[in-house]
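Structure record follows, encoded as structure tokens.
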Amino acid sequence: MKRDEKDLLKHFRALPPEQQETLIAFAEFLAARAAEAPREYGEPEPIPRPADERVVQAIKRLRLIYPMLDHSTMLHELSDFMTQHLVMGKPAQEVIDELEAVFRRHYDRLMQG
């Protein structure tokens with residue numbers, strides 16, 4: 001959970017029940033309004049891939065290329081790739097190729113709405 005989410009939950013729990021309901025209603029209103037607003041994302045800015053890049057470095061590089069993605073939703077998928085590399089011995093270059101494809105797929109899905 002992100003720090004902002006933890007802070008929101010802390011404040012929510014500090015409120016009496018009727019104010020919690022008001023906060024939920026307001027959050028639903030804001031979410032509905034945000035869903036109606038068209039989102040515009042720029043094209044990802046490529047960062048050259050170093051020849052000797054490691055998997056962790058690749059993930060950091062890809063997060064910089066795709067800042068518009070919610071990386072927390074990709075955590076499970078990314079950890080699977082780390083396991084393939086660290087535990088199963090899959091070569092870093094293959095894992096990085098697959099990571100690049102995953103980030104691109106998530107970006108394409110975001111752009112399709």
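Derivation of every value follows stated rules applied to the coordinates shown; laboratory data play no part. These figures come from a predicted structure and were not determined experimentally. Ideal geometry is used to build each Cβ from the backbone, glycine not excepted, and the neighbour counts take in all protein chains shown.
Annotations
- The chain: most fluctuating residue of P50, P67, P91 per GNM, C-alpha cutoff 10 Å: P50
- Taking the Cα centre of the chain as origin and assigning +1 to Lys and Arg Cβ atoms and -1 to Asp and Glu Cβ atoms, the resulting dipole is close to 300 debye.
- Phi to ³J(HN,Hα) by Karplus 6.51 cos²θ - 1.76 cosθ + 1.60 over the range 41-56, Hz, x for Gly, Pro: 10, x, 5, x, 8, x, 10, x, 8, x, 4, 9, 5, 9, 4, 4
- Relative to the longest principal axis of the Cα atoms of the chain, the long axis of helix 92-112 lies at roughly 40 degrees.
- Mean projected area of the Cα convex hull of the chain, taken over all directions, amounts to 9.1 nm².
- Net lengthening on full extension, H11/R63 (0.36 nm per residue, minus Cα-Cα): 15.8 nm
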